[in-house]
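Notes to accompany the following structure.
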Amino acid sequence: MSVLHLGDLRIGPGDALVVVDVQRDFLPGGSLAVPRADEILAPLERAVARFSVERLPIFATRCWHPPDHCSFREQGGPWPVHCVRGTEGARFGMDLSAATVISKGSDRRRDAYSGFDHTDLAARLREAGAHHVFLGGLATEYCVFATASGALDHGFAVSLLVDGIRDIDEQAGARAVAELRTRGALVVEAGPHHLEHPVSP
Ligand SMILES: [Zn+2]
């Protein structure tokens with residue numbers, strides 16, 4: 001499978017970058033660490049640098065939970081306590097100072113996997129003139145999938161930065177990527193070209 005590479009793509013007005021939940025609690029050492037999540041940092045940093053240089057909009061979503069959020073196990077939810085607003089674990093794990101921050105899951109009574117769920121992300125993207133969203137982050141089969149689905153539902157074209165995502169469960173992650181591709185998402189690499197990739201003739 002030949003994969004498009006962000007470095008080879010012409011990007012410009014209409015394109016936006018959305019970095020999903022790259023927060024310390026989802027990185028190695030965090031309370032809800034996604035395996036090998038640290039490997040996405042360099043590719044995503046390249047993507048952020050590229051969009052910054054091109055002066056294109058960058059958004060960063062974050063889980064921003066109250067301490068008694070319904071998604072936490074002690075409240076009957078599926079997850080360990082993570083990304084409690086204002087804590088170290090909720091901080092971004094990479095430099096996203098160039099990004100507009102979109103907080104989600106702030107209501108104790110409901111969770112939000114999608115960056116579009118009860119936020120103004122769609123309106124902000126439209127205000128920025130975006131119709132094509134490049135998207136990476138954590139975790140593939142949860143918040144990345146939900147946010148990419150939300151983008152498609154809102155009528156945005158989606159390019160998934162495949163080396164800028166990591167899953168909690170490999171099979172579920174692969175299914176999520178396959179479903180997004182079926183729905184029209186493109187798959188793009190953001191990191192440096194790797195020698196092991198076959199060069200097309
Ligand atoms: Zn959360």
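What whole-number value in cubic angstrom gives the convex hull volume per residue for the C-alpha atoms of segment 1-145? Let's see the in-between values first.
Values: hull volume 16.3 nm³, N = 145.
Looking at segment 1-145, the number lands at 113 Å³ per residue.
Tell me, in nm to one decimal, what length is gained between Arg36 and Asp120 on full extension, where the rule is 0.36 nm per residue of separation less the Cα-Cα distance?
Working: separation 84, 0.36 × 84 = 30.24 nm, distance 3.05 nm.
So the extension gain works out to 27.2 nm.
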Between segment 17-83 and segment 150-177, the Cα center-to-center distance that results, in Å: 14 Å
For the chain, the longest site-free run once trypsin sites (Lys or Arg not before Pro) in DSSP loop states with at most 11 other Cβ atoms within 10 Å are removed: 110-201
Crossing angle, helix 170-182 versus the chain [Cα axis fit, 0-90 degrees, rounded to tens]: 60 degrees
Rounded tilt (10° steps) of 41-53 against the dominant C-alpha axis of the chain: 70 degrees
Orphan Cys of the chain, criterion: no other Cys C-beta under 4.7 Å: Cys70, Cys143
Whole-Hz ³J(HN,Hα) from phi, Karplus 6.51 cos²θ - 1.76 cosθ + 1.60, for segment 89-104, glycine and proline x: x, 8, 5, 5, x, 8, 6, 10, 5, 7, 9, 7, 8, 10, 8, 9
Helix-only mean residue ellipticity at 222 nm for the chain, each DSSP H run of n ≥ 4 adding -39500 (n - 2.57), per residue, nearest 500: -6000 deg cm²/dmol
Cα Rg, Dmax, segment 78-201, angstrom units: 15.6, 55
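Read the figures in this text as sums done on the coordinates, not as results from a lab. Everything numeric in this text was worked out from a predicted model, so none of it was measured. Note that we place each Cβ from the backbone using ideal geometry, even for glycine, and neighbour counts take in every protein chain shown.
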